[in-house]
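Novice: Below are the structure tokens for one structure; questions will follow.
The values are calculated or read from the model by the stated rules, or taken from the named source; none is laboratory data. Model, not experiment: these values are computed from the prediction. Reconstructed Cβ throughout: ideal geometry from the backbone, glycine too, with neighbour counts over all protein chains shown.
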């Protein structure tokens, strides 16, 4: 067959870009289409609005990518976000404590719920689909309970997190989201933790029979997903200026969609955080672009849904081609 | 055998995937003969059989079956013509019952509803016909042992209208007794005029069964001969034409010392493993023989903590501490390694690279600092391992699933060599792999013995145990019924011990 690939520096650099070429192409294509159909789409204000709209979804989707890679799923992310946000409201409004106390509380609650998800699904060997479905209901219930079903207005104390830094056009929340993406990708590709995650998702039994205790890693990944819900909770609270127990209903589906558009396999063993980030961007550009061209909500939904299916279809075809070549 | 026109005639069959895997292969298969197809892994045997049975279409060439043009596009077209195949991988559906599997594709029905009574009766008849009286038809297939599953699959194929039967490594999962029974059926079928294409790496079977042999090498037809004219040594020569494989089998050299490395005391998990005790010394290769279902694999799984023993323990390196492992990671931590029976399900991450598989076991010990993977060290070691095992691949980033069986097995073994263990458990280390890979793995096992490791080898292939072991323990109905040294073992003794645990009848224990 063919020769082993030569690894000169330039080709290594090229090889590191190639995997993203497809997604970058789709993104650019969308931008071109919307620019042509709407005169004022391509503007600084659009860019700012897209960038400041995505941090919470980005952060959640990174966690979701990790969970999907080990062959699990986390349906509770939207509710965990709402619960974390609600806790912030309770801490700041009801208790009158500062933001410096509310943020750790939010992260703690998210992590705790994630840990519970992980412990139950891994230790009791119950499919994470079921466990996190239960958590989706419970966390939402707790959110209503904590806030007495009221939206708690917090105001300027949190708004700065989601507001563009003067002269920089991007918000602290966006910077954190980028940091999470980079950290997630490094975790996945360069560390033992990430390697084991991919291995577990590929063949958990082979991992076990290789003398690796997989349970702590799987539990940690659900906990990370919960922690990132806490992070996203802070972001959303700041964007809405308030703690809202009704926030982020259905966000789990948007996060899964972003992962899947990025080529993450729902069967586990395959996924990339960077690809997921592109998935988030594609969804965000699509949403904003459709709004610009004046699409109604039903049309938006139809097109977004179509894009998800087409993305997965293309990915499946590409995988199949690669597999048949490898035979 | 008459010199009548062949039942199946292959002309210039060519197959291209990414590379050409079959080069204009022409073979005739006569009715009423057993035709052995020989070749190393990757020689094209399986591809050729897939073509004949309609699972794949050739890129060139033609076939005649029973005097008419034959070009099946699906397996059912081939079956309609009277061609059945039993592939190396089992094709049973584990959640369905034995009866549902045996009658699959020809389920008796009335107005679209399954006639369960009829289904059970017909399945019972099919199994009884081949002496499988002890297999219950209502049990889900997944609950049966792999040997029994193989027998069900073969019986199911034989029960269908069939003029040409293709068997790909049918005895790989069978024990001695089951193999005998299979051979008996095959000889009967031959007398009835059925043609049989038989693939096996076990050359003694070929000598015993086959009327004709065809040898393939690198996708090319080497020769077709009457089986009587060829010795097993000549077969190996024809198959490999590499210098390595033609070198004579080396004399057995023992590396056994007196230092006890592993002492197993009364390992028990009812009903499969009962009160098994034995010791393995440094440098000793301890073989375990026995019928399929005698508890050999289960014993290894208990030692390794893959299943948890109800009673019993093991001691390592002469220390008083007694272990009963509850997880494989505990066993690995204390110096055990296990190469599992089923490399695809439990041994390898097929979708991942050779590199990732090679370093999976040792990643934490050898290739990380503060959780950070040492990528260059990992690559170097994987390359080193590839060279040492002579793994045939394009590069180490290739998914393991794209390798041939023998090369996959090298990776499955290799991952335990990076960080050395004290005790190596091998479960069917060379099942279904080609002669060259088999010799490489045997040589490797000897290297480990020479380095003072304690080695346990479970194999259904007695020849393999004779070639590689100092000691052969025999399991029967969950017990270790005999331990034989090289000087005093014989096939007769081992076979007698294999059946000893099953009492006066040879039926399997419940």
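Novice: Being within 14 Å of chain A (Cβ to nearest Cβ) and in a loop (DSSP other than H, G, I, E, B) narrows it down to one residue among B:55, B:22, B:92; which is it?
Specialist: B:55
Novice: Something else about it: I need the full set of residues from the stretch B:291-320 which are touching a strand residue (DSSP E or B) at 6+ places or on another chain (Cβ under 7 Å), more than 14 Å from chain A (Cβ to nearest Cβ) and within 15 Å of residue B:279 (Cα to Cα), in order please.
Specialist: B:299, B:312, B:313, B:314, B:315, B:316, B:317, B:318
Novice: To continue, here is another question. Just wondering, is there one or more residues in the stretch B:321-333 that are within 13 Å of chain A (Cβ to nearest Cβ), touching a residue at least 60 places away in the same chain (Cβ under 8 Å) and either buried (at least 23 other Cβ atoms within 10 Å of the Cβ) or under 23 Å from residue B:397 (Cα atoms) (or both)?
Specialist: Taking the stretch B:321-333 and keeping what is within 13 Å of chain A (Cβ to nearest Cβ), we get B:325-333.
Filter once more, so that each one left must be touching a residue at least 60 places away in the same chain (Cβ under 8 Å): B:332.
Filter again for either buried (at least 23 other Cβ atoms within 10 Å of the Cβ) or under 23 Å from residue B:397 (Cα atoms) (or both), leaving B:332.
Within the stretch B:321-333, one or more residues are within 13 Å of chain A (Cβ to nearest Cβ), touching a residue at least 60 places away in the same chain (Cβ under 8 Å) and either buried (at least 23 other Cβ atoms within 10 Å of the Cβ) or under 23 Å from residue B:397 (Cα atoms) (or both).
Novice: Out of the stretch B:344-355, which residues are within 7 Å of another protein chain (Cβ to nearest Cβ) and out of contact with any helix residue (DSSP H, G or I) (no Cβ under 6 Å at 6 or more places or on another chain)?
Specialist: Scanning the stretch B:344-355 gives a single hit, B:345.
Novice: From the residues in the stretch B:176-186 that are surrounded by fewer than 22 Cβ atoms within 10 Å (Cβ to Cβ) and touching a residue at least 60 places away in the same chain (Cβ under 8 Å), which one is nearest to residue B:44 (Cα to Cα)?
Specialist: Here the answer is B:186.
Novice: In the stretch B:57-68, which residues are touching a strand residue (DSSP E or B) at 6+ places or on another chain (Cβ under 7 Å) and either crowded, with 22+ Cβ neighbours inside 10 Å or closer than 23 Å to residue B:80 by Cβ (or both)? Please lay out each step first, then the result.
Specialist: As a first pass, look at the stretch B:57-68 and keep what is touching a strand residue (DSSP E or B) at 6+ places or on another chain (Cβ under 7 Å): B:58-65.
Result: B:58, B:61, B:62, B:63, B:64, B:65.
Novice: Look at the stretch A:274-298 and say how many of its residues are in contact with a helix residue (DSSP H, G or I) (Cβ under 9 Å, 6 or more places away or on another chain) and under 12 Å from residue A:37 (Cα atoms).
Specialist: Qualifying residue count, the stretch A:274-298: 6.
Novice: Looking at the stretch B:336-360, which of its residues are farther than 25 Å from residue B:173 by Cβ, part of a helix (DSSP H, G or I) and touching a residue at least 24 places away in the same chain (Cβ under 8 Å)?
Specialist: B:354, B:355, B:358
Novice: Looking at A:50, A:59, can you tell me which residue is touching a helix residue (DSSP H, G or I) at 6+ places or on another chain (Cβ under 9 Å) and buried (at least 24 other Cβ atoms within 10 Å of the Cβ)?
Specialist: Only one candidate passes the filter, namely A:59.
Novice: If you scan the stretch A:199-220, which residues turn out to be in a helix (DSSP H, G or I) and either surrounded by fewer than 21 Cβ atoms within 10 Å (Cβ to Cβ) or within 7 Å of chain B (Cβ to nearest Cβ) (or both)?
Specialist: Once the filter is applied, which keeps residues that are in a helix (DSSP H, G or I) and either surrounded by fewer than 21 Cβ atoms within 10 Å (Cβ to Cβ) or within 7 Å of chain B (Cβ to nearest Cβ) (or both), the stretch A:199-220 yields A:199, A:202, A:204, A:205, A:206, A:208, A:215, A:216, A:219, A:220.
Novice: Just the residues that are within 23 Å of the chain's Cα centre (by Cα) and free of Cβ contacts under 8 Å to residues at least 40 places away in the same chain, please, taken from the stretch B:465-488.
Specialist: Hit for the stretch B:465-488 is B:466, nothing else.
Novice: Between a residue in the stretch B:147-168 that is free of Cβ contacts under 8 Å to residues at least 40 places away in the same chain and any residue that is surrounded by fewer than 21 Cβ atoms within 10 Å (Cβ to Cβ), which pairs come within a Cβ distance under 7 Å, given they are 6 or more apart or on different chains?
Specialist: That search, which allows pairs on different chains as well, returns B:151/B:132.
Novice: Among (1) in a helix (DSSP H, G or I); (2) in contact (Cβ under 8 Å) with a residue 40 or more places away in the chain, where does residue A:264 come up short?
Specialist: (1)
Novice: Is it the case that some residue within the stretch A:301-321 is in a loop (DSSP other than H, G, I, E, B) and more than 14 Å from every other protein chain (Cβ to nearest Cβ)?
Specialist: no
Novice: Out of all the residues in the stretch A:125-145, which are at pLDDT 95 or above and more than 18 Å from residue A:225 (Cβ to Cβ)?
Specialist: Correct list: A:141, A:144, A:145.
Novice: While we're here: For residue A:302, work out the one condition from (1) out of contact with any helix residue (DSSP H, G or I) (no Cβ under 9 Å at 6 or more places or on another chain); (2) surrounded by 21 or more Cβ atoms within 10 Å (Cβ to Cβ) it doesn't fulfil.
Specialist: Going through (1) out of contact with any helix residue (DSSP H, G or I) (no Cβ under 9 Å at 6 or more places or on another chain); (2) surrounded by 21 or more Cβ atoms within 10 Å (Cβ to Cβ) one by one, residue A:302 breaks only (2).
Novice: For the subset of the stretch B:387-400 comprising residues that are at pLDDT 90 or above and within 11 Å of another protein chain (Cβ to nearest Cβ), which member is nearest to residue B:347 (Cα to Cα)?
Specialist: My answer is B:400.
Novice: Looking at (1) assigned to a helix (DSSP H, G or I); (2) within 30 Å of residue B:10 (Cβ to Cβ); (3) touching a helix residue (DSSP H, G or I) at 6+ places or on another chain (Cβ under 9 Å), find the lone condition where residue B:77 falls short.
Specialist: (3)
Novice: Only residues that are loosely packed, with under 15 Cβ neighbours inside 10 Å and either part of a strand (DSSP E or B) or more than 10 Å from every other protein chain (Cβ to nearest Cβ) (or both): list them for the stretch B:361-386, please. Break it down stepwise before answering.
Specialist: Let us first name the residues in the stretch B:361-386 that are loosely packed, with under 15 Cβ neighbours inside 10 Å, namely B:365-366, B:369-372, B:375-377, B:380, B:384.
Within the stretch B:361-386, B:365, B:366, B:369, B:372, B:376, B:377, B:380, B:384 meet the criteria.
Novice: For the stretch B:387-401, enumerate the residues that are surrounded by fewer than 21 Cβ atoms within 10 Å (Cβ to Cβ) and part of a helix (DSSP H, G or I).
Specialist: Correct list: B:387, B:388, B:401.
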